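Let me begin by presenting the structure, written as structure tokens, before commenting on it.
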Amino acid sequence: MMKLISLRRRKLVNLLLLLTVCVGLPTIFIYAQGHKHLIKIAENYYNEDDWSSMKALTDKFDFSYLPGLKHLKSSTPELDQNGVVLAPGKVQFKFLNRGMRKGTPEDIVKQGMKDYQKLMSQKVGGPKDATLVPAPAKDDLHNYKHANATILALVRNEEVSKIGQSIRRLQKQFNAKFNYPYTFLNDQPFTDKFKIRILKYTEGAPVEFVHIKPELWDKPSSIDHEREKKEMQILFDHDIAYAKKASYHNMCRFYLGQFYNVPELAKYKYYWRIEPQVKFFTSIDYDVFKYMEDTQKIYGFTINLYDIEESIKTLWPETLRFLNENDNYKYVNPNGTFQWLLEDLQNPKKNKVAGGYSTCHFWSNFEIGDMDFFRGEAYNNWFKHLDSTGKFYYERWGDAPVHSIGVSLFAPKDKIHWFRDIGYEHDPYYSCPATDTTQHCEIGKFSRWEHLYDQNCLMNWLDHDQQKNVY
Ligand SMILES: Nc1nc2c(ncn2[C@@H]2O[C@H](COP(=O)(O)OP(=O)(O)O)[C@@H](O)[C@H]2O)c(=O)[nH]1
Ligand SMILES: [Mg+2]
């Protein structure tokens, strides 16, 4: 009996040994090979420079138990504290809600406007991050050493009275004290009538009248007319202002990608853009151009607002495409104003339609800027990419969002300045600060139409990108 049991046990042990050799070892071998194979696949994904595919792979499966993949995890580009990944072909941005705004879009507008009005009703003087240069005595004006700057207006002959109103107000508040030169630009020759009237408003300041060359103004020959007509009709059906106005498309393209190449402007670094029928509510008693120069700022604004999303549906996606081509990621300044561009709380629909861009922009009818920035490689290569898409005509990309995205991506945020002390209006929006000289505007009011309050993007600018307060 005992013999029988030990015989069976021996058979059982032999069977187990046989199973281990025939099944277990090959399994272990195949499993180990499988690991190696998986690591190889993953490494190939990574080496092929396809970070997003790799990320999709690691998101779907948990490979963390594989020691060979640890280094992949750590070398995956991470979002930095500014909400950006900057690596070749992997540029991406993430909104971080630094302002901790909460609630419905209506709540956010209400709270934002309350904060805005509180801020604007605090008395403000000139900026404190530079020694401001005051106006010279009247008798010394002819000896005054100006910054390399001009006041700039693109304008039509028939707008002479309207631009005249703007010049009169600017002369009173600023330029009668400093005597900076004016440059008037037009795609048509200026008439004598226009010139004579303008010289009355400019009070002896140097003036240049420039006829823009067609190559800087005209629609490029590469634009497909049939497609343009079709796309303009779609914009028109969506009630987009100026959708079918061909000259408006030319104007936008000129102001965003060409004006700084006008030969007569080559001698200048800084410009102050004005438009017909704008108002200035405060006296500006320091040299704003010298302020820009001393602080090396590249762009100054007064009003900051949302855009018509239907007019810029693919501007941001095209920008991301550009940044992810070749080594274009290098143009992005790690300290750029990204969060303001990405915000999606106040007008979430705009962000969605515009492919992840808040549509927030500096209102470019007022700009004090450094043309050398626009003349630089980053802005120009990006403009060339945008221009190659034809979307200045197939959509209606404005000069304001393009300038705004450009300075926000390619310059650090402390080089962009909010002129909080300059009271300004281009209908229907205001900037009306509390200063010693504010006149003819209601302090803290953003628009004469309350239903437009949701268009104010200034708190978003202050909240999310934490601008240094220079006032
Ligand atoms: N010379 C010229 N100036 C233009 C033309 N279209 C627009 N502008 C100017 O470009 C600026 C912006 O145009 P505007 O009509 O004020 O646009 P809005 O402020 O967006 O409504 C103004 O200074 C206009 O005088 C054009 O076809 N020719
Ligand atoms: Mg205008």
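Report the residue count in the stretch 240-275 for those that are in a helix (DSSP H, G or I) and either touching a Cys at 6+ places or on another chain (Cβ under 8 Å) or surrounded by fewer than 18 Cβ atoms within 10 Å (Cβ to Cβ) (or both).
6
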Matching residues in the stretch 137-163 - criterion: being more than 16 Å from ligand 1 (Cβ to nearest atom) and touching a residue at least 40 places away in the same chain (Cβ under 8 Å): H146, A147, N148, A149
Residue in the stretch 374-382 that is assigned to a loop (DSSP other than H, G, I, E, B) and within 16 Å of ligand 2 (Cβ to nearest atom) present: no
Residues being in contact with a Ser or Thr (Cβ under 6 Å, 6 or more places away or on another chain) and away from ligand 2 (no atom under 16 Å from the Cβ) - total across the stretch 422-449: 8
Contacts under 9 angstrom Cβ, first residue in the stretch 214-236 being within 27 Å of P189 (Cα to Cα) and in a helix (DSSP H, G or I), partner of a type in the set (A, V, I, L, M) and modelled with pLDDT of 95 or more, 6 or more apart: L216/V262; W217/M251
Hits in the stretch 404-461 - residues which are closer than 21 Å to D115 by Cβ and of a type in the set (A, V, I, L, M): I416, I422, A434, I443, L452, L458, M459
Identity of the residue in the stretch 425-448, closer than 30 Å to G356 by Cβ and touching a strand residue (DSSP E or B) at 6+ places or on another chain (Cβ under 7 Å), that ends up surrounded by the most Cβ atoms within 10 Å (Cβ to Cβ): S431
The lone exception for Q339 - which of (1) part of a helix (DSSP H, G or I); (2) surrounded by fewer than 22 Cβ atoms within 10 Å (Cβ to Cβ) it fails: (2)
Pick from the stretch 191-213, criterion more than 30 Å from A137 (Cβ to Cβ) and assigned to a loop (DSSP other than H, G, I, E, B), ranking: nearest to ligand 2 (Cβ to nearest atom): I212
The one condition in (1) surrounded by fewer than 22 Cβ atoms within 10 Å (Cβ to Cβ); (2) within 16 Å of ligand 1 (Cβ to nearest atom) that T314 fails to fulfil: (2)
Filter result (surrounded by fewer than 22 Cβ atoms within 10 Å (Cβ to Cβ) and among the polar types (S, T, N, Q)) within the stretch 278-310: S283, T295, Q296
Complete set of residues in the stretch 220-248 that are away from ligand 2 (no atom under 16 Å from the Cβ) and charged (D, E, K, R): D224, E226, R227, E228, K229, K230, E231, D237, D239, K244
Within the stretch 314-336, considering residues that are in contact with a helix residue (DSSP H, G or I) (Cβ under 8 Å, 6 or more places away or on another chain) and outside any helix (DSSP H, G or I), the one nearest to P88 (Cα to Cα): E325
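For (1) among the aliphatic types (A, V, I, L, M); (2) surrounded by fewer than 18 Cβ atoms within 10 Å (Cβ to Cβ); (3) within 26 Å of the chain's Cα centre (by Cα); (4) in a helix (DSSP H, G or I), each residue gets a yes or a no:
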| residue | (1), (2), (3), (4) |
| --- | --- |
| Y116 | no, no, yes, yes |
| Q122 | no, yes, no, no |
| H146 | no, yes, no, no |
| V160 | yes, no, no, yes |
| L170 | yes, no, no, yes |
| A176 | yes, yes, no, yes |
| F184 | no, no, no, no |
| P189 | no, yes, no, no |
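The values are calculated or read from the model by the stated rules, or taken from the named source; none is laboratory data. Predicted model only: the values in this text are computed from it and were never measured. All Cβ positions, even for glycine, are placed from backbone atoms using ideal geometry, and neighbour counts span all protein chains on display.
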